[in-house]
1. So Gln503 fits all but one of (1) open to solvent by 50 Å² or more (accessible area, probe 1.4 Å); (2) out of contact with any strand residue (DSSP E or B) (no Cβ under 8 Å at 6 or more places or on another chain); (3) modelled with pLDDT under 95; what number is the exception?
2. Please work out which residue is most open to solvent (accessible area, probe 1.4 Å), limiting yourself to the range 763-791 and to residues that are under 22 Å from Asp877 (Cβ atoms) and not in a strand (DSSP E or B).
3. For the range 445-464, which positions are open to solvent by less than 20 Å² (accessible area, probe 1.4 Å) and of a type in the set (Val, Ile, Thr)?
4. Return a yes/no flag: does the range 452-462 have any residue that is among the acidic types (Asp, Glu) and in contact (Cβ under 8 Å) with a residue 60 or more places away in the chain.
5. Among the acidic types (Asp, Glu), touching a Pro at 6+ places or on another chain (Cβ under 8 Å) and on the phi < 0 side of the Ramachandran plot: which single residue out of Asp688, Asp723, Asp677, Asp748 fits that description?
6. Being out of contact with any Asp or Glu (no Cβ under 6 Å at 6 or more places or on another chain) and buried (at least 20 other Cβ atoms within 10 Å of the Cβ) is true for just one of Gly375, Gly357, Gly396. Which residue is that?
7. Just to be sure before I move on: is Ala689 surrounded by fewer than 20 Cβ atoms within 10 Å (Cβ to Cβ) and either of a type outside the set (Gly, Ala, Ser) or in contact (Cβ under 8 Å) with a residue 12 or more places away in the chain (or both) in the structure I sent?
8. Give the range 440-479 a look and list any residue that's over 26 Å from Asp518 (Cα atoms) and of a type in the set (D, E, K, R), or say none.
Amino acid sequence: MTEPASLPPRDLPGLDARWSRVVRVHGSGADAGVTREWHCLDTEAALAELGVEPVGTILAVHGNPTWSYLWRAIVDESLRAARAGEPVWRVVAVDQLEMGFSERTGAHRPLAQRVADLGAFTDAVGLDGPVVTLGHDWGGVISLGWAVDHPESLAAVALLNTAVHHPAGVPIPAPLRLAGARGVLGAATVATTGFLDTTLALASPALEPQVKAAYRAPYRSADRRGGIGGFVADIPVDARHESFEELERISAGVAALRVPALMLWGPNDPVFGDRYLDDLVDRLPHADVHRFEGASHLVAEDRPYAPAVLEWLRSSVAEPPAPPVEESPRPLVEERADAAGTRHQTKPTPFTPLWHGLDARTGDPAVAVIDMTRGRRVSWRQLETQTRRIAAGLHGLGVRKGDRVSLLLQPGPTLTAVLYACLRIGAVVVVADAGLGVRGLTRAVRGSWPDVVIGERLGLTAARALGWPGVRISAERLPRLAAAALGVSHSLSEVAARGAELQAAGMQEPEAPRAHDDAAILFTSGSTGPAKGVVYTHGQLSALRDVLATHLDITPEIGLVTGFAPFALLGPALGTRSATPDMDVSSPRTLTATAVSAAVRASEAGIVFLSPAAILNVVATAEALTDDDRAALASVRTFLSTGAPISAAMLTAVAELMPNATPHTPYGMTECLLVTDITLEQVRMAADAPDAGVCVGSPIGANRVLVSALDADGRATGEPSADPGVLGEILISAPHLKSHYDRLWLTDRAATRATPSASERWHRTGDIGHLDAEGRVWIEGRIQHVIVAADGPIAPVGAEQDAETVDAVRRAAVVGVGPHGLRQAVAVVETIPARARPGLADPQLTAAVRASTQLPLAAVLTVPQLPTDVRHNSKIDRSRLSEWAERALAGGRPGAP
């Protein structure tokens with residue numbers, strides 16, 4: 001069947017009929033000598049009416065089974081930007097032939113023909129650059145084919161979920177296998193609307209009925225759905241397919257592109273998932289990438305992609321980007337305190353790799369690592385030897401600089417050896433905390449898409465069951481059947497043995513990574529949204545080691561007990577022995593006081609690191625300590641807990657267990673593990689200050705802290721400054737500050753927005769607070785938890801501290817209810833003793849809590865337990881509590897928050 005092009009109905013939601021036009025195009029390839037009619041959306045006339053000249057053209061190409069309606073948001077947003085005086089981009093969004101409202105020719109159109117078709121169209125409308133291609137699904141492939149063929153016009157490429165290569169031996173995605181099966185293809189794609197309906201159902205959240213109807217508008221009859229079936233039939237499942245060669249040509253050409261590139265991705269896509277994103281990143285390693293967590297195949301419907309594209313074009317194409325900040329850390333100014341407590345700065349510390357401390361003790365028979373859970377002790381000589389063997393073995397298996405290796409191992413000698421082996425050869429270690437839970441861990445591992453997974457049996461079982469990517473290596477030697485069931489290719493002992501053979505054969509170690517090379521991906525706790533991958537370079541990890549060693553005066557003789565995963569691996573880097581206590585690291589609250597004492601005694605440690613969640617149970621189990629246990633703890637000189645604020649009462653309880661130790665509770669985050677520090681004595685001194693919030697001390701060493709003031713709408717819009725008493729977002733800069741977020745370009749942009757200097761790395765923490773006249777930092781909550789009331793923004797922590805002075809209150813959270821700008825504060829409290837059911841507090845408790853604070857409270861609610869994160873057991877989910885309080889006060893069944 002043939003049918004000429006036409007214009008869409010005029011009443012489709014979000015689509016202005018004035019954007020549509022029909023273009024007559026002289027055909028190319030199989031269409032040579034024939035004129036074809038294309039429908040497209042084009043903003044050229046609208047821009048002419050505005051009297052503005054575009055800096056270039058966005059050529060948007062839809063996939064199957066959508067049409068140019070997919071791009072209505074970028075059309076609308078580009079015109080809004082033009083009216084606002086921002087860089088002007090013309091948008092041309094095509095309906096491919098046989099699709100949308102373009103001509104139905106009845107011709108067979110394999111991939112090469114479709115690329116030629118698009119080239120003929122751009123010739124017809126006179127697109128000669130600069131052009132930015134924007135493609136989705138198979139439109140992504142076709143747009144990239146055009147990009148490869150038009151280098152003289154190409155300014156940049158942008159992609160939503162698509163693919164240019166499918167690995168051999170891996171089945172194509174199940175939905176495409178089913179739709180393309182013999183006997184199903186015609187029925188699912190042409191005779192019925194099955195394929196179209198399935199695609200529209202992938203939107204998350206679900207599309208409005210009117211929007212679904214708009215997508216169906218060009219495909220009302222089987223005669224108009226031939227192109228849908230043609231696209232599915234044209235998927236090159238193997239090398240025998242007619243379009244395989246063209247796809248290979250395009251994929252090779254993409255790897256040669258050097259123009260700016262952007263990838264916006266929906267990771268829940270059952271068709272074009274993270275496997276294909278990872279392949280594209282390998283081909284375009286310079287690309288900016290953002291994964292919209294929770295989004296699916298129709299990412300253009302699921303998330304606000306259009307503002308992201310235009311912001312990226314403004315920063316990367318329309319305006320030349322500023323020179324990148326040097327990723328090797330600025331020199332760290334070392335500091336030392338004299339007997340009077342005065343700090344002095346000394347010579348900068350040059351970059352030395354993280355494994356320098358391990359190399360310095362090569363051949364040393366003294367104990368390096370103690371694993372109290374398994375009862376293992378490993379010497380420096382053994383650790384260094386095994387590290388080099390594993391490094392050689394991994395390199396022999398093909399692991400190269402930049403390859404990602406996910407470590408699903410418990411802290412101890414094995415994890416330590418594997419970590420340092422990976423770092424030596426330049427592999428990027430991916431460390432995802434079991435405290436994220438199965439769903440969070442799955443998101444983390446799949447999002448980072450590792451090349452190799454090294455794990456214990458439990459972790460490998462999860463990897464197999466949940467479809468985590470990567471070649472699998474087991475920590476232990478598994479029976480053959482078990483290894484096959486888990487998809488394990490090698491064991492660590494086999495890797496090390498192979499490494500020893502390669503060393504004996506004279507294999508040279510690969511070139512050592514440089515300071516600015518990526519070294520590790522750590523994950524945030526997920527307490528403020530999906531866990532984010534935080535990328536550190538080798539220079540930044542070394543700077544963390546240096547600031548820790550300097551600030552705490554760590555020497556080879558001191559010894560560490562580390563019950564906090566981020567620091568459990570730093571012992572060898574610091575050149576001192578380390579012990580991990582007997583505990584379940586995935587549940588810090590399993591750590592007991594007796595276990596800490598045993599680890600201190602075994603390692604003769606002078607420094608103890610514990611997580612905030614672990615401290616609660618250590619203090620709670622102190623009664624079980626013997627005299628010998630207490631004597632061991634009395635030998636500790638420094639105690640450290642970071643990741644979440646620790647109350648003075650809790651620090652005091654720890655000080656009673658370790659009477660000769662100075663308790664420290666630094667302020668930091670996964671993005672920068674040590675920012676400020678405060679001791680128990682300093683906490684007590686700050687208690688008399690009039691400031692609201694939690695005092696977390698002063699910046700350490702060369703670290704810097706500034707504050708961006710909140711405006712009346714609760715946004716941090718103020719110029720960053722060190723002025724005291726200003727409530728705003730905390731900004732930090734440090735030599736060991738992370739490099740960037742992994743595949744979260746938009747999050748990176750937000751974290752570095754309006755920071756003080758393009759020549760320094762700064763980070764917006766999302767924490768709110770203020771500086772006092774002495775330069776100390778006070779934390780008052782998170783920016784997303786600010787209560788925007790009629791008279792301005794309110795930080796929650798000060799009022800929470802007030803409420804916690806009431807005898808019957810164990811812990812409190814203050815949240816907002818009501819419309820933005822008119823929100824009312826509500827206190828939600830845990831009580832002593834705990835209430836069995838959530839609900840309104842009794843009148844006596846309500847009155848006591850209201851009397852404790854100057855902040856007017858609309859209500860006081862009680863819950864058996866406040867919702868917190870797993871890793872720290874202290875970061876309260878105020879957003880969740882706010883929604884719960886809204887429901888409870890509206891008369892609904894409160895249930896558990």
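The values are calculated or read from the model by the stated rules, or taken from the named source; none is laboratory data. Note that the structure is predicted; figures quoted are calculated from it, not measured. Every residue, glycine as well, gets a Cβ built from its backbone with ideal geometry; the counts of neighbours run over all protein chains shown. Each accessible area value is taken on the protein alone, full model and side chains, heavy atoms only, with ligands, DNA and RNA left out. Shrake-Rupley method; radii C 1.70, N 1.55, O 1.52, S 1.80 Å.
1. Gln503 satisfies every listed condition except (3).
2. Gln784
3. Val445, Val452, Val453, Ile454
4. No: the range 452-462 contains no residue that is among the acidic types (Asp, Glu) and in contact (Cβ under 8 Å) with a residue 60 or more places away in the chain.
5. Asp677
6. Of the residues listed, the single one that is out of contact with any Asp or Glu (no Cβ under 6 Å at 6 or more places or on another chain) and buried (at least 20 other Cβ atoms within 10 Å of the Cβ) is Gly357.
7. yes
8. Arg457, Arg464, Glu476, Arg477
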